[in-house]
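The values are calculated or read from the model by the stated rules, or taken from the named source; none is laboratory data. Here the structure is a predicted model, which means the values were calculated and not measured. Quick reminder, even Gly has a Cβ in these numbers, built from the backbone with ideal geometry, and neighbours come from all protein chains shown.
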């Protein structure tokens, strides 16, 4: 019985760090590599507005944030950023992918870069989009909250 | 589907070979616990319907019996909060068992063939956008298991054999996990791997075709 409990505990610990893809509404992480002030963010097709407290860029180097929801019912999401004296738009494209990730997770939902075509359209001067899997395997598990280590990341280099 | 028929054919032909050519039926029975455990256990199976029925035959050796059982299971579960799976499975089990001639204890082993299909649906609740629903690929597969068991029985009205069975099984399956941790004819598969195991206890009711003779106490 003791042996069984130890074995069960090992199995549990082994599967602890695994994140089984998208389990709740996914978010897009934005990294501002330049100073910016955002006064409002609107998302096309969104049922509610993004609260003002959550839209300001995090000004630490390499820090991710703010985070904005992605629309799973579509293959793209468009954000409208209102800044003093200017309005910018950003559309991010993605492809939904369902696959069996592991024995523990089974089928998971993930977002990937579109197989062909553009990955974004924007009025920002220079940006870069990075697609990280929402699935994190248990080996070398990293803490994952609010998409810090997984998901789509948009790096805005120049406004 | 061809696979199933092939396995059923192999199992049945093996079992028929093992028999006395007369194949006299000793009892017919049902498993009565498998449903109940799922209703009361922590396992999150929803609306389980599990049926397992047995036909037990005499063999040429006294106190040795052979049985064939057919199983059916239908249930669903929320694998994670956002993942609903519907499972349907069938099983064929062939069992050899030996009864102690002095008391009502018995032991034996079974070969189990299990087939299952799994349909899945992912549902991601949305705060900013409408909920998103999608189907996961349809999945089907088979499992094979070797089960050992031991038990004791009580006879009611010299006709109804109530069997208390403790059992354990080694499983090889390409369905069940990761798609669904259940195999018809066996129960929950404990490891999320192709090689797994299962242990448990159950109660079976066997109706004896021929009434059991009264026991005479003799020295």
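Against the list (1) within 22 Å of the chain's Cα centre (by Cα); (2) farther than 30 Å from residue B:153 by Cβ, the condition residue B:81 fails is (1). Scan region A:9-32 for residues that are under 23 Å from residue A:63 (Cβ atoms) and at pLDDT 85 or above and the total you get is 10.
So which strands (runs of 3 or more DSSP E) are wholly in region A:45-159 and hold at least 1 residues that are modelled with pLDDT of 90 or more and surrounded by fewer than 18 Cβ atoms within 10 Å (Cβ to Cβ)? If you could, list the steps in order and put the result at the bottom.
On the way: elements: A:67-69, A:76-83, A:86-93, A:95-102, A:106-112, A:120-122, A:126-132, A:151-158.
Per the criteria, A:76-83, A:86-93, A:95-102, A:106-112, A:120-122, A:126-132, A:151-158.
On the basis of being more than 21 Å from residue B:80 (Cβ to Cβ) and surrounded by 14 or more Cβ atoms within 10 Å (Cβ to Cβ), does residue B:146 make the cut? Against the criterion (more than 21 Å from residue B:80 (Cβ to Cβ) and surrounded by 14 or more Cβ atoms within 10 Å (Cβ to Cβ)), residue B:146 does not qualify. All told, residue A:112 meets the bar of being touching a strand residue (DSSP E or B) at 6+ places or on another chain (Cβ under 9 Å), away from chain B (no Cβ under 14 Å) and closer than 25 Å to residue B:131 by Cβ. Restricting attention to region B:77-103, the residues being away from chain A (no Cβ under 14 Å) and either closer than 30 Å to residue B:134 by Cβ or surrounded by 20 or more Cβ atoms within 10 Å (Cβ to Cβ) (or both) number 7. Within region B:57-73, the set of residues being closer than 30 Å to residue B:44 by Cβ and either surrounded by fewer than 16 Cβ atoms within 10 Å (Cβ to Cβ) or within 14 Å of chain A (Cβ to nearest Cβ) (or both) comprises B:72 only.
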